[in-house]
Structures are given as C-alpha cells and as structure tokens.
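**Q** Next up is a structure, given as structure tokens.
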C-alpha cells in the first residue's frame, strides 16, 4: 500500500532533511576545494570548468547566484616569476643557460596553448548555455 508523503513518520522526515543537508554540504565543500585548486593552478574558471573539477552538474552551480558572482570576479593566482639565470662563466653554466632559455620558450608556448584551450572552453560553455536556454 502506498502512503501519501504527508502521512510519513516525523522521524523519517527528519532523517530525509538531515541527509539532504549533508549532501548539500558535501557539494559545497567539493565546489570550494575545486575553486581553490583551480585558482592555485591558474586555470580559467567558468561554470563548466568548475562543475567538471568539482564533479557536479552545471545546473548545481547555476542555482547558486553567489557562486556565479564569485566565478565572475575570481581571477587565478599569478605565479611568482622565476629569478633570472646566473651569468655564464664556464662551459657547464653556458649549457645550463641555454637549457633555461629553451625551457622558457617551451613554457611560453605551453602558456599560449593553455590560453587557446581556455578560450575554446569559454566558447563551448557559452554555446552550451545557449543550447540550454533554447529547447
């Protein structure tokens, strides 16, 4: 026999409410951890990327206006610049200097590729938002 939801025992309602609060707190904690980690790693933060890193759906983030505002205003932490390499005085130092120069060129190339990926992620997130609004 099926019972009407209003006929449930008060203890079961209390347990359901406690479970819902725990799930909500767990989601909030995952979102906070993901946001901090993404910021520390210098990743582009938008609704889609945060949802992916936190393991939640985009709608979970869209339902939280304060979180959307925080995403809009949050900027990644900038990494401290590397100190300049010491001047080359012998053969070993000149090799190290040359390797440092190549490494910096590769780092710049990687940063450029990451920027391109962030731009594509942003475009994809925008298109997903448009698709969600237009059934």
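**Q** Residues in the range 93-101: is at least one over 31 Å from the mean Cα position of the chain (by Cα) and at pLDDT below 85?
**A** Looking through the range 93-101, at least one residue is over 31 Å from the mean Cα position of the chain (by Cα) and at pLDDT below 85.
**Q** Among the residues of the range 49-59, which ones are over 13 Å from residue 35 (Cβ atoms) and in a helix (DSSP H, G or I)?
**A** Scanning the range 49-59 gives 58, 59.
**Q** OK, next. Out of 77, 50, report the one residue that is surrounded by 11 or more Cβ atoms within 10 Å (Cβ to Cβ) and either in contact with a strand residue (DSSP E or B) (Cβ under 7 Å, 6 or more places away or on another chain) or modelled with pLDDT under 85 (or both). Outline the logic, then answer.
**A** Details: 50 fails: either in contact with a strand residue (DSSP E or B) (Cβ under 7 Å, 6 or more places away or on another chain) or modelled with pLDDT under 85 (or both).
Only one candidate passes the filter, namely 77.
**Q** Among the residues of the range 53-64, write down those that are loosely packed, with under 14 Cβ neighbours inside 10 Å and either farther than 15 Å from residue 129 by Cβ or touching a residue at least 60 places away in the same chain (Cβ under 8 Å) (or both).
**A** Within the range 53-64, the subset loosely packed, with under 14 Cβ neighbours inside 10 Å is 55, 57, 59, 63.
Within the range 53-64, 55 is the sole residue that qualifies.
The values are calculated or read from the model by the stated rules, or taken from the named source; none is laboratory data. Note that the coordinates shown come from a computational prediction; the quantities given were computed from them, not determined experimentally. All Cβ positions, even for glycine, are placed from backbone atoms using ideal geometry, and neighbour counts span all protein chains on display.
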